[in-house]
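Structure, as structure tokens:
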Amino acid sequence: MLDNEVPAWWRTLGLPGLVDLHTHFLPERMLRRVWAHFDDIEPLIGHEWPIQYRDDQDSRLATIRRLGVRRFTALSYAHRPGMAASLTDFSLDLAAEHADCVPSATFYPEEGVLGQVQSALDRGARVFKIHAQIGAFDLREPLLDPVWGLLSDAAIPVVIHVGSGPVSRPGITGPDKLAGVLARHPQLSAVVAHLGAPEYSEFLDLAERYPWVHLDTTMVFTDFFEQLAPFAPALLSRLADLPDRVVLGSDFPNIPYPYAHQLESLERLRDREPRLDDDWLRAVCWYNGLRLIGE
């Protein structure tokens, strides 16, 4: 499938478009640094990571709209203290200018974090993103406990990168970190980025145990990611058992292949598990994400 065929693809499913809960729009300076990181990542993962959509912001917005993504996020993530507030400002300002951008925010375990998160909620934030691996913090940090409680009570989804892929960070990444948070906040709407790669089975365990844990598809099942963190065929039946808990994510624009390939990779799962059919695709690509963001 080519990118220009994507609208015909979702129309065939009877959908009005796509809801993508894992896309990135960042301040230009930060985005350049992120791209530089991926340009130099080959020694760490054994593969090049050529950014597919290395364009200016207006061009990227035009691209995602041509694909038919009706609701997308501006996920950012702080990797040190003092960053989260300005990143949240950028994301919320973007959403104020573009109605199809879900008001997005981030936070970091630092003094004042609870107030920052409350401020973001007061300004309309509908989704948060944190990246424990890049930020080098344990989700169970005491400073974050009241934040998890606040977000749980508000029923606001948090896209969380805590799986050990693509590069493990011992003591920081892994399913036990999220499990510790959920033991205290079982109603938290946690969206596990990349289906928790490579600890797919363990994060499926959490989704099976906690009714508000969701899994996003970001990069999983693509040819690129199957080389790095293959999804075991034996787990597909468990994925099919959670049809209302899987949401579309792409990592646009920071992906090393066309956007269409993510959708194509999801569609071909039916060849290995028949229950991952058109109904499943409709739920993943539209209904589940729309329910989480509340519109």
Listed by first then second residue, the pairs whose first member lies in the range 154-176 and is closer than 13 Å to Leu139 by Cβ, whose partner is open to solvent by 50 Å² or more (accessible area, probe 1.4 Å) and not in a loop (DSSP other than H, G, I, E, B), with beta carbons under 7 Å and at least 6 positions apart or on separate chains, are Pro175/Glu202
Asp55 is checked against (1) in contact (Cβ under 8 Å) with a residue 40 or more places away in the chain; (2) in contact with a helix residue (DSSP H, G or I) (Cβ under 6 Å, 6 or more places away or on another chain); (3) surrounded by fewer than 20 Cβ atoms within 10 Å (Cβ to Cβ); (4) not basic (Lys, Arg) and fails just one. What number does that condition carry?
(2)
When both residues are 6+ apart or on different chains and their Cβ atoms are under 6 Å apart, which pairs have a first residue that lies in the range 107-133 and is farther than 22 Å from Val167 by Cα, and a second that is part of a helix (DSSP H, G or I) and hydroxyl-bearing (Ser, Thr, Tyr)?
Ala120/Thr88
Can you name the residue in the range 269-284 that is free of Cβ contacts under 8 Å to residues at least 24 places away in the same chain and out of contact with any helix residue (DSSP H, G or I) (no Cβ under 7 Å at 6 or more places or on another chain) and is also surrounded by the fewest Cβ atoms within 10 Å (Cβ to Cβ) among such residues?
Asp271
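Could you look through the range 85-112, keep only residues that are polar (S, T, N, Q) and more than 20 Å from Asp58 (Cβ to Cβ), and pick out the one that is most open to solvent (accessible area, probe 1.4 Å)?
As a first pass, look at the range 85-112 and keep what is polar (S, T, N, Q): 86, 88, 91, 104, 106.
From what's left, more than 20 Å from Asp58 (Cβ to Cβ): 86, 88, 106.
On the way: Ser86: 71, Thr88: 6, Thr106: 6 Å².
Here the answer is Ser86.
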If you scan the range 120-148, which residues turn out to be in contact with a Pro (Cβ under 6 Å, 6 or more places away or on another chain) and either in a loop (DSSP other than H, G, I, E, B) or not hydrophobic (A, V, I, L, M, F, W, C) (or both)?
Gly124, Ala125, Arg126, Phe137, Glu141
Does the range 120-139 include one or more residues that are farther than 23 Å from Gly249 by Cα and open to solvent by 50 Å² or more (accessible area, probe 1.4 Å)?
yes
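In the range 157-179, what residues are in a loop (DSSP other than H, G, I, E, B), aliphatic (A, V, I, L, M) and surrounded by 23 or more Cβ atoms within 10 Å (Cβ to Cβ)? Explain how you work it out, then say what you get.
Applying the first criterion (in a loop (DSSP other than H, G, I, E, B)) to the range 157-179 yields 157, 162-174.
From the residues that got through so far, the ones that are aliphatic (A, V, I, L, M) too are 162, 167, 172.
Answer for the range 157-179, where residues must be in a loop (DSSP other than H, G, I, E, B), aliphatic (A, V, I, L, M) and surrounded by 23 or more Cβ atoms within 10 Å (Cβ to Cβ): just Val162.
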For the range 16-70, how many residues meet the condition of being part of a helix (DSSP H, G or I), acidic (Asp, Glu) and more than 25 Å from Asn4 (Cα to Cα)?
3
Restricting to the range 48-94, name every residue that is of a type in the set (D, E, K, R) and farther than 14 Å from Leu18 by Cα.
Glu48, Arg54, Asp55, Asp56, Asp58, Arg60, Arg80, Asp89, Asp93
Just give me the residues in the range 193-241 being more than 19 Å from Gly180 (Cα to Cα), open to solvent by 20 Å² or more (accessible area, probe 1.4 Å) and among the hydroxyl-bearing types (Ser, Thr, Tyr), in sequence order.
Ser237
Enumeration of residues in the range 180-192 that are open to solvent by 30 Å² or more (accessible area, probe 1.4 Å) and of a type in the set (Gly, Ala, Ser):
Ala183
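Out of all the residues in the range 208-249, which are among the acidic types (Asp, Glu) and either within 21 Å of Ala260 (Cβ to Cβ) or in a loop (DSSP other than H, G, I, E, B) (or both)? Break it down stepwise before answering.
Pass one, the range 208-249, residues among the acidic types (Asp, Glu): 208, 216, 223, 226, 241, 244.
Asp216, Asp223, Glu226, Asp241, Asp244, listed by residue number.
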Among the residues listed as Gly115, Gly82, the single one being over 18 Å from Met30 (Cα atoms), open to solvent by 30 Å² or more (accessible area, probe 1.4 Å) and of a type in the set (Gly, Ala, Ser):
Gly115
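Name the residues in the range 1-15 that are among the hydrophobic types (A, V, I, L, M, F, W, C), in a helix (DSSP H, G or I) and either more than 28 Å from Gly196 (Cβ to Cβ) or in contact with an Asp or Glu (Cβ under 7 Å, 6 or more places away or on another chain) (or both), would you?
At the first step, the residues of the range 1-15 found to be among the hydrophobic types (A, V, I, L, M, F, W, C) are 1-2, 6, 8-10, 13, 15.
Right, trim to in a helix (DSSP H, G or I) and you get 6, 8-10.
Once the filter is applied, which keeps residues that are among the hydrophobic types (A, V, I, L, M, F, W, C), in a helix (DSSP H, G or I) and either more than 28 Å from Gly196 (Cβ to Cβ) or in contact with an Asp or Glu (Cβ under 7 Å, 6 or more places away or on another chain) (or both), the range 1-15 yields only Ala8.
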Looking at (1) of a type outside the set (Ser, Thr, Tyr); (2) surrounded by fewer than 20 Cβ atoms within 10 Å (Cβ to Cβ); (3) part of a helix (DSSP H, G or I), which is the only condition Leu151 fails?
(2)
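The values are calculated or read from the model by the stated rules, or taken from the named source; none is laboratory data. Quantities reported herein were computed from a predicted structural model and do not represent experimental measurements. Note that each Cβ is placed from the backbone with ideal geometry, even for glycine, and that neighbours are counted across all protein chains shown. Accessible surface is based on the protein model in full, side chains and every heavy atom, while ligands, DNA and RNA are left aside. Shrake-Rupley method; radii C 1.70, N 1.55, O 1.52, S 1.80 Å.
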